[in-house]
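Chemist: I have a structure here, written as structure tokens, and I will follow up with some questions on it.
Bear in mind these aren't lab numbers, they're just calculated from the coordinates by the rules spelled out. Keep in mind it's a predicted model, so treat the numbers as computed, not measured. A quick note on method: Cβ atoms are made from the backbone with ideal geometry, for glycine too, and the neighbour counts reach across all protein chains shown.
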Amino acid sequence: MLLSGLSINSNKRINIVLVCLLTLISSFSCSSSRLSKKTKNIIDKTLGSDYTAIPNKSKTFLLCYKDYGDDPKKIGEFEYLIINLKTRQVLRSEKLRYGEIKWIDDQNVEIKEGRGIIENLKEGKKTSIYNVIKDTIINGNAKKK
């Protein structure tokens, strides 16, 4: 036995700590396995099976994105969609070049897009704020879809 020098109480403590850590870690990630089958199908049609999904704080909307990273056929491509989890409606879907996206509060998503590495260094990324409640861009000049 690996833990032969530890008492039974120590073994129980270790098990409890491990269970607590695993529970804590799993509660922070938004696993696609927790999404409904219909929602997963909507995301899979657009982004495929390898994506990141982040709900807003109230878990009423879902931001999903795929960064193609160093894929030689899609260098710099970044694709996202935002879904209303109650209606399962896609509110916004867009492909960007050298993009970034994140929740800035429960209703607003910050969308950044650059046209290329050199331009990003010179001019910075184009930034827009999308409001999921109003379904509008409230700042910046991103394309409405």
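Chemist: For the pairs Lys95/Lys126; Lys102/Lys126; Lys38/Lys73, note any where the Cα-Cα span goes beyond 20 Å.
Modeler: Numbers: Lys95/Lys126 14 Å; Lys102/Lys126 14 Å; Lys38/Lys73 29 Å.
Beyond 20 Å: Lys38/Lys73.
Chemist: Hey, can you rank 87-98, 56-67, 39-50 by average C-beta count inside 10 Å, highest first?
Modeler: Working: 87-98: 15.9, 56-67: 17.7, 39-50: 14.2.
Descending mean neighbour count gives 56-67, 87-98, 39-50.
Chemist: Hey, what's the per residue convex hull volume over the C-alpha atoms of the stretch 54-118, in cubic angstrom? It would help to have the intermediate numbers written out before the result.
Modeler: Details: hull volume 5.3 nm³, N = 65.
That works out to 81 Å³ per residue.
Chemist: Shifting gears a bit: For Arg34, what charge total do you get from the other residues with a beta carbon under 13 Å from its beta carbon, if Lys and Arg give +1 and Asp and Glu give -1? Provide the component values of the computation, followed by the final result.
Modeler: On the way: positive: Lys37, Lys40, Lys59; negative: none.
Net local charge, Arg34 excluded: +3.
Chemist: Under a point-charge model restricted to the Cβ atoms of Lys and Arg (+1) and Asp and Glu (-1), what is the dipole moment magnitude of the stretch 34-139 relative to its Cα centre, in debye to the nearest 20?
Modeler: Numbers: 22 positive and 16 negative charges, 100 e Å.
That gives a dipole near 480 debye.
Chemist: Need the list of aspartates and glutamates near Lys66 for cross-linking: C-alpha distance under 16 angstrom, and skip anything on the same chain fewer than eight residues off.
Modeler: Asp44, Asp50, Glu77, Glu79, Glu94, Glu100, Glu110, Glu113
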